[in-house]
Amino acid sequence: MKCEDFKKYMADLCDKQTDPAITEACRQHMKECAACRAYYEDFMHTVNLLTPKYAPSFGKTQPAVSISPLQTTAKPKKHPSHKWIQIAAAVAIFMAGLGTGLSNFFSTQAEAVPSIPLIFDQSIKSSRSAASFSMSVYARTTPNENFAYINPKSGFMRISLESLRQNQKTFWRLEKEGGRTIVSDDGKQYMWTTGGLAVCGDEKCNFAEGFSSLLRPETLLEQQKAALSGNPQAHAEMTETDSTITIVTHTDVYGNAVSASLLEKEEKSYRCTTENVFSKRDGLLQQVQIWWERDGQKTLVLKSEHIVYNLPLVPSVLVQRPDTTQVTWLSANTPSVKDPAHLRKLTNETAQEAAQRILKALTDGKPQMAGEALYYYTAQLPTLTENMKGCKVSAVSQAKEKKDYKGVIVFYKLTTPDGNTENRHIALRRDNPQGIWMVDGGL
């Protein structure tokens, strides 16, 4: 028997009556192959760990057919139990593999004990089976900034998230308390703020940006599981109670989008600690907390309340949005600049030059001079212009790129007419059909 055959038969040994010849072949293979014997032992450790301690006893927790290399082969018994579904699920998890994509929260991590990625796999599998979920998180951010904005020096703000899968369609709602809201209506996204911004577009717009990691619990777990390899400085540990398993991962995170890296105007690595609490009853993620650490200071930046699954959510309520009598919806597909000479000038300018031009238009009280760049601020322009008119802009920086953000950040100093000075930033991006710089945040 080959090693890949042995691993394939693990599922057969747990969820249905097994040919005694296969059982014997597996037993013989384990006697000769130390790697597959260790594989089997790791699997059994995970099965025992994931089996609830308050479940009815079946004697020692084992696959439906034991394949210990030290025992003789016995014909399988004929009274299967639905409780073996838990074990069969663990086998499927074990066979699923450990590779998935990274995210803008996590970078490469080190190997952990074998049971940790397996527990992640069980929770990912369970989460994908859930039709809906709801959770509230508290993140260090501000009401109307992008959802990707996380700043350790900001206070906590409540963000609610609800998601529903129904008839092969997905609906979700992401809402900052008193601030920005996004809804996804099966392929179309709508985003609005209390300040008057209202934009709509398709899923490619990804208005949630880095926060999309939390749109499904399995996404956050996939990111961590994929990160558990490659970097010897990263690690994970696990503890358990009678009803929960807690896995804490330690990794690197970089300032993403308009994130905490704004504090020093440059890309800096943070240490990231993520605490995941799983229910032993169903394997689902119940709570998550994230800390960032830099220069010896560790700060809690995000914490969730209890995550609830399989709620009776209604699509029409989930995607409810302001009607056209309250807001004017702008298309995420920006209007075209028609004048060839003007377009050529805009496409040739640097981000720093664009920032200077946009800020001058606002402080001069002439926002129309940068109208194409301020398209997404159309509803806010009167108030924004009034607040910035007469101010002086200085110390405009070179553009700073941010990891996993499609735009750049430009920093500047703003001095008000009464002499007060503050350091500010403006986010710009040019991933539009004409390649011109447009304001994406900060103002």
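The values are calculated or read from the model by the stated rules, or taken from the named source; none is laboratory data. Bear in mind the structure is a predicted one, so any value in this text is a computation, not a measurement. Methodologically, a virtual Cβ is constructed for each residue, glycine included, from the backbone with ideal geometry; neighbour enumeration extends over all protein chains shown.
Restricting the stretch 199-231 to residues that are buried (at least 20 other Cβ atoms within 10 Å of the Cβ) and closer than 18 Å to ARG429 by Cα, the residue that is farthest from the chain's Cα centre (by Cα) is VAL199. So which residues in the stretch 386-433 are hydroxyl-bearing (Ser, Thr, Tyr) and free of Cβ contacts under 8 Å to residues at least 40 places away in the same chain? SER394, THR415, THR416, THR421, listed by residue number.
For THR383, state whether it is closer than 21 Å to ASN144 by Cβ, surrounded by fewer than 16 Cβ atoms within 10 Å (Cβ to Cβ) and touching a residue at least 60 places away in the same chain (Cβ under 8 Å). Yes, satisfied. Exactly one residue out of ILE182, ILE159, ILE124 is farther than 27 Å from ILE247 by Cβ and modelled with pLDDT of 90 or more: that is ILE182. Of the residues in the stretch 360-369, at least one is modelled with pLDDT under 90, surrounded by fewer than 15 Cβ atoms within 10 Å (Cβ to Cβ) and out of contact with any Lys or Arg (no Cβ under 9 Å at 6 or more places or on another chain). Can you say whether ASP323 is in the same structural domain as SER134 (by TED's automatic domain parsing), over 24 Å from the mean Cα position of the chain (by Cα) and among the acidic types (Asp, Glu), as far as the supplied structure shows? Criteria not met by ASP323. LYS153 satisfies every condition listed in (1) modelled with pLDDT of 90 or more; (2) of a type in the set (D, E, K, R); (3) assigned to a loop (DSSP other than H, G, I, E, B) except (1). Comparison of GLY187, GLY179, GLY195 shows that the only residue that is touching a Ser or Thr at 6+ places or on another chain (Cβ under 8 Å) and surrounded by fewer than 17 Cβ atoms within 10 Å (Cβ to Cβ) is GLY195.
Residues are listed down the side, and each one gets a yes or a no for (1) basic (Lys, Arg); (2) at pLDDT 90 or above; (3) farther than 23 Å from ASN151 by Cα:
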site	(1), (2), (3)
ALA351	no, yes, yes
GLU401	no, no, no
VAL408	no, no, no
LYS413	yes, yes, no
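The number of residues in the stretch 150-178 that are within 19 Å of SER129 (Cβ to Cβ) and of a type in the set (Ser, Thr, Tyr) comes to 2. Residues considered: LEU164, LEU197. Of these, the only one that is of a type in the set (A, V, I, L, M, F, W, C), closer than 18 Å to ILE307 by Cβ and assigned by TED's automatic domain parsing to the domain that holds GLU275 is LEU164.
One residue stands out in the stretch 292-324 among those that are loosely packed, with under 15 Cβ neighbours inside 10 Å and of a type in the set (Gly, Ala, Ser): the one that is farthest from THR170 (Cα to Cα), namely GLY296.
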